[in-house]
Amino acid sequence: MQADDRKLVTIITEAALERRLAEDLKRLGAHGYTISDARGEGSRGVRSAGWDASSNIRVEVVCDAAIAAKISAHLRQHYYDHYAMILFFTDVGVLRPEKF
Amino acid sequence: MQADDRKLVTIITEAALERRLAEDLKRLGAHGYTISDARGEGSRGVRSAGWDASSNIRVEVVCDAAIAAKISAHLRQHYYDHYAMILFFTDVGVLRPEKF
Amino acid sequence: MQADDRKLVTIITEAALERRLAEDLKRLGAHGYTISDARGEGSRGVRSAGWDASSNIRVEVVCDAAIAAKISAHLRQHYYDHYAMILFFTDVGVLRPEKF
Amino acid sequence: MSGIDPIVLFFLLGLVAGLGRSDLRLPGSIYEFLSVILLLAIGLKGGAELAKQSLGDLLPQMLAVILMGLLLPLVAYPLLRRLGRLRRADAASIAAHYGSVSVGTYAVAVAWLVAREIPYEEYMPLMLVLLEMPAIVVGILLARGVSADTKWKELGHEVFLGKSIVLLVGGLLIGWVAGPEALEPVGGLFFGLFHGVLALFLLEMGLVAAGQVGSLRRHGLFLVAFGILFPLFGALVGGGLGLLLGFSTGGMMLLAVLAASASYIAVPAAMRLALPEANPTLSLTASLGVTFPFNILVGIPLYYGLAEQLRQLGG
Amino acid sequence: MSGIDPIVLFFLLGLVAGLGRSDLRLPGSIYEFLSVILLLAIGLKGGAELAKQSLGDLLPQMLAVILMGLLLPLVAYPLLRRLGRLRRADAASIAAHYGSVSVGTYAVAVAWLVAREIPYEEYMPLMLVLLEMPAIVVGILLARGVSADTKWKELGHEVFLGKSIVLLVGGLLIGWVAGPEALEPVGGLFFGLFHGVLALFLLEMGLVAAGQVGSLRRHGLFLVAFGILFPLFGALVGGGLGLLLGFSTGGMMLLAVLAASASYIAVPAAMRLALPEANPTLSLTASLGVTFPFNILVGIPLYYGLAEQLRQLGG
Amino acid sequence: MSGIDPIVLFFLLGLVAGLGRSDLRLPGSIYEFLSVILLLAIGLKGGAELAKQSLGDLLPQMLAVILMGLLLPLVAYPLLRRLGRLRRADAASIAAHYGSVSVGTYAVAVAWLVAREIPYEEYMPLMLVLLEMPAIVVGILLARGVSADTKWKELGHEVFLGKSIVLLVGGLLIGWVAGPEALEPVGGLFFGLFHGVLALFLLEMGLVAAGQVGSLRRHGLFLVAFGILFPLFGALVGGGLGLLLGFSTGGMMLLAVLAASASYIAVPAAMRLALPEANPTLSLTASLGVTFPFNILVGIPLYYGLAEQLRQLGG
Ligand SMILES: Nc1ncnc2c1ncn2[C@@H]1O[C@H](COP(=O)(O)O)[C@@H](O)[C@H]1O
Ligand SMILES: Nc1ncnc2c1ncn2[C@@H]1O[C@H](COP(=O)(O)O)[C@@H](O)[C@H]1O
Ligand SMILES: Nc1ncnc2c1ncn2[C@@H]1O[C@H](COP(=O)(O)O)[C@@H](O)[C@H]1O
Ligand code: NA
Ligand code: NA
Ligand code: NA
């Protein structure tokens, strides 16, 4: 299994940002993304997913390190201050490196 | 991208435990957590998410290694024997280390 | 925390494959799997989860490296060409190694 | 009346589809939606009827019914321990399931009566609510003893604020305060759709029950026998109590159904938290895989026959 | 009658909202809920009507309809291969979609007839069920040939136990066994809400159809032409068959609609598993992006006119 | 009439369950389903009524109502800045919430009128739609000034194509085009279930409102005072405007309710994107944690009394 190295960027943030983030990610060079619904708690309190204003999304992007850095810089600049958001990186192996 | 090292603790378990786990995690020092709904199969059979008693949750906590160890010890002691539950650790990089 | 090393295999693909994948995974030796619903975008366009034909699932399997390799070889052979699908590996630590 | 209730056919459809491994599946959120409507509807209907009663007059009935809820698990427990050779926690948990009640079974029984225009005491949902909880307490005491370090306060919270209780009691109170007339506008959803919602709910329960068959095979004959015979005993107790309390034949039958039915919503959730060492597969297999189908398909007309019989003996 | 059916307007609303990139979106679980209700309602209604018929009398009609389901894809396939220059698997898959039927289109057509109080053979859902599957088999044979290593058994399972078939057939059987009277209590949900549920369903289908427009642009004119012309041909075949079989004008129109419509639930799911190398974007773009809107917005009244015309010619 | 509306009791049930930390919770998809039905139903009803009016005659009323929507936030803003000492963005955002309207509150007010058979101008949903948006624009201008680098185009897209506007306006148009008669078939869902769906919606809103109590405690008395007093002022303005425009007492009351209510669907979403630096907790706490319960539980009858009073003074 000769898996190539990539970064998995996981973003957990407010559902209101879904459309904007999707556009940002593609503009920043990601070849794809995956989104699922989530709820949670953090420094901005409980987000319980009962209704729109209170639900989270969990966004995953597999990409190379350079794009991961661009994504994190962009999010830090535009969203970190005002939105409930966390972001973390994981090292992952992929099989079809040309896809990511 | 000077990401700081943290642990991501992922717990997959019975939905009935949601409220209790959330309380436990905060008490053990986690600064936040994210939950999403899941279904699956393991040693305790199929859990198909059709109705309450049969659905899983997927809990993620980003924290430092010490708290990750506390969480895993606590879960092992209180839940492992009697609940459908798995838990695994991943090394992740984070940008705002003070948050986790 | 003496966690044992395992692989986490994450597969993101079309919801239509759910039942087949679950059977494949068990046959290939996985002791369990977890599935959640997702939406996303990739080389095969937007998959928006509004209705069946357009929704994704996110499958996770914790297993040893050998089974992870078997899974990825199987998926590559049977599904890669014709289905919207990505797959990546993460190194994770687990506590009850006999379970995986 | 062709004699075959279509809602029962929906249950069968779910059962057959599940056994045939169809990919039919109602999303979890729809299951919750349907059960919220059913629970509220039952509560509202009972509450609207309560508004016409004096609670004082009902007190003896209420106490007797609570007593039945306390005693039924005490009968079940030794059977499960001795004959079934189950571990203490498992026997206690199953006893709690059978001491409590199944809202779905109750709803089907009411639909059965309504289709036949048989009258019954319409405040019966009050009895349903009263029967939900006592068995849970008995079950925990059976497993842990009195000196237990059970966190009663926390548990009380879980039980009294679990969603099925909140919706049933909430519906009862709303129906009681508002009264039958004021409920009319919301009746389009809660009463007009009741049977249809129940049909979809039963379709899903059929799918769920089909999922229990695998574990049924593993856990052998005892659970099947218990899951059929104990309800028959319960029906006798419930029907008899109904006679003693002066209920109509329809009311006797409903009390028999309540006693004969086993919980699969409130009790499983409470047991998971209070008695985690009890294996939930055993109790759900019995209550959902055996007793629920038995009651729906065979039990309900049987219990009505029983109520008529008891009436003649007693009257 | 102002002439404009509001349910069609719901489809337009979804289409416009989707094209304008509104963030309106029905959750997937709600889409499933709505389609479960529609499928069961159509089945129940047809089944209740079947109870009044002798199946023997319907046999010739049933066979003729199945034959049509087998032949339509055989006509479509060479067109798709020759004129459309599509790859074998793609042509076979699209042929299967157009040989099968769209339940949503059928429901809108029935609503159109009901609003105009035009009678039709109410057991028509039986024909709908019979048309769902034959085209799938033909499609696979076209792509693979007879000596194929297709896993027929597994595939049969997928097709016959796919949720739309289970719900339609299940509804038919329940309606048939229970009969019209016993269905009344569940009618509040399945019949009373039918039009409203259909309206919401069409709202969502409008959003989905809007999502197909992008790929429509990429895949050129041929799919648009095929997606409009083949249904016209199908309508002629279906309407003509209806005449031969002695259907009422309403029934002829419904058979025309069935023949003219293309599947977007059962067939896509089956093709994904049986012919994975067929590109699902092509078939869904044609069936959802072209044919469905065309039938809903233009086709239905057209096919009724056609049925009247055929009737005069034939009668 | 016992005087207590059951739908209000549903709100109380949700509130009590939430405050008691019950695990009752409606899935997010069900919340969306309920609000889609409510928004469409309100739009359809208003549209069907509009079909009977000449839009020309309504123009003065429409302009006056839009003016009110522009002015209300201009009154709220200085109060929030000076008395509440809020940051600019927060004051502007809250002002926008209170200049706009709450569809849930409107629905409860209509139900209140209908239960008492009090007539009102049934095209009122048109005013509701007209009031949704102006305040958003004013709020952004207050926070950013005119020279702002706000992306108006993008924002216009978000606001006009946000789901609540699309559904309300879509419903209005469908109702208008189709007319009252053609709507009858879909009325089973949209009108027959209206009160029941509203009841479930309020149950969920009660749970959500209960979740705001924590932040209420943190953000002190000012939000509570503002959340009660500003609606009273708004009701006076709305009621007075209704009198000037020659509305019936029922219509005056509804205009008072619109002015007194604060948005919690469209405006929060727009503010999140247009004024991210505004703290959403503050505005939601005020609008959902204070004003919504106040209006539902106390305000609605109060505003009707006010409308009667104004009528006598004016008439
Ligand atoms: N330490 C954490 N681990 C996992 N998820 C978190 C953590 N902190 C925050 N979150 C998630 O991120 C969302 C926003 O976080 P915050 O901005 O801190 O409120 C929360 O609602 C949680 O879902
Ligand atoms: N090897 C595995 N990989 C991924 N998920 C698993 C695995 N084993 C168990 N799970 C998940 O954990 C839940 C509980 O596992 P268990 O206690 O083994 O029944 C299952 O329902 C699955 O969702
Ligand atoms: N780079 C990526 N990062 C995260 N998810 C992806 C990525 N590429 C594709 N996906 C997901 O995988 C699904 C199938 O991908 P594809 O086969 O490229 O269309 C998409 O619908 C996305 O949900
Ligand atoms: Na019982
Ligand atoms: Na066809
Ligand atoms: Na207002």
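Helical content alone sets the calculated 222 nm signal of chain D at -24500 deg cm²/dmol, taking -39,500 (n - 2.57) per DSSP H segment of four or more residues and averaging over every residue. Magnitude of the charge dipole for chain A, about its Cα centre and with charges confined to Cβ atoms of Lys, Arg (+1) and Asp, Glu (-1), is about 120 debye. Per residue, the average separation of C-alpha pairs within less than 8 Å and at least 6 apart gives region B:4-94 a relative contact order of 50 percent. Nearest-to-axis residue in chain F, judged by Cβ distance to the rotation axis that brings F onto E and given in whole Å, is F:Ser29, 3. With contacts taken as Cα pairs under 8 Å at a separation of at least 6 residues, region F:166-313 carries a relative contact order of 27 percent. Under 28 Å of direct C-alpha separation, and excluding same-chain neighbours fewer than eight residues apart, B:Lys99 reaches these lysines: A:Lys7, A:Lys26, A:Lys70, B:Lys7, B:Lys26, B:Lys70, C:Lys7. Think of region A:4-94 as having a plus end and a minus end, set by charges on the Cβ of Lys, Arg, Asp and Glu; of A:Leu21, A:Gln77, A:Gly32, A:Gln77 sits farthest toward the positive end of this dipole.
Here F:Val298 yields copy-to-copy label distances, from shortest upward, of 6.1, 6.1 nm, the label point defined as 7 Å from Cα along Cα to C-beta. In this structure, E:Trp152 and B:Ala73 have a Cβ-Cβ separation that, at R0 = 45 Å, corresponds to a calculated FRET efficiency of about 0.25. Comparing Cα centroids, region A:67-97 and region D:92-155 end up 51 angstrom apart. A point 7 Å from Cα along Cα→Cβ stands in for B:Arg27, and the other copies hold the same point at 4.6, 4.6 nm, listed in rising order. Taken about its Cα centre, region F:56-172 carries a charge dipole of about 720 debye when Lys and Arg each add +1 at the Cβ and Asp and Glu each add -1 at the Cβ. Only one residue of E:Ala259, E:Phe201, E:Trp176 has its Cα farthest out toward the positive end of the dipole of region E:175-313, where Lys and Arg carry +1 and Asp and Glu -1 on Cβ, and that residue is E:Ala259.
The residue list B:Ala49, F:Gly99, D:Gly242 was ranked by how far each Cα lies along the charge dipole of the protein assembly as shown toward its positive end, using unit charges on Cβ atoms, and B:Ala49 comes out on top. Debye-formula intensities of chain B, expressed as log10 I(q)/I(0) at q = 0.21 Å⁻¹, are -1.05 (one equal scatterer per alpha-carbon, no solvent). Charge dipole (Cα centre; +1 on Lys/Arg Cβ, -1 on Asp/Glu Cβ; no other charges) of region E:1-104 amounts to roughly 560 debye.
Partner shielding of F:271-279 amounts to 3, given as the average count of beta-carbon atoms from other chains within 10 Å of each residue beta-carbon.
Shown for E:Gly156: label points 7 Å from Cα along the beta-carbon vector, and their distances to the equivalent points in the other copies, 6.1, 6.1 nm in ascending order.
None of the figures in this text is laboratory data; all of them are computed from the coordinates on show. Since the model is a prediction, treat every value here as computed from it, not as a measurement. A quick note on method: Cβ atoms are made from the backbone with ideal geometry, for glycine too, and the neighbour counts reach across all protein chains shown.
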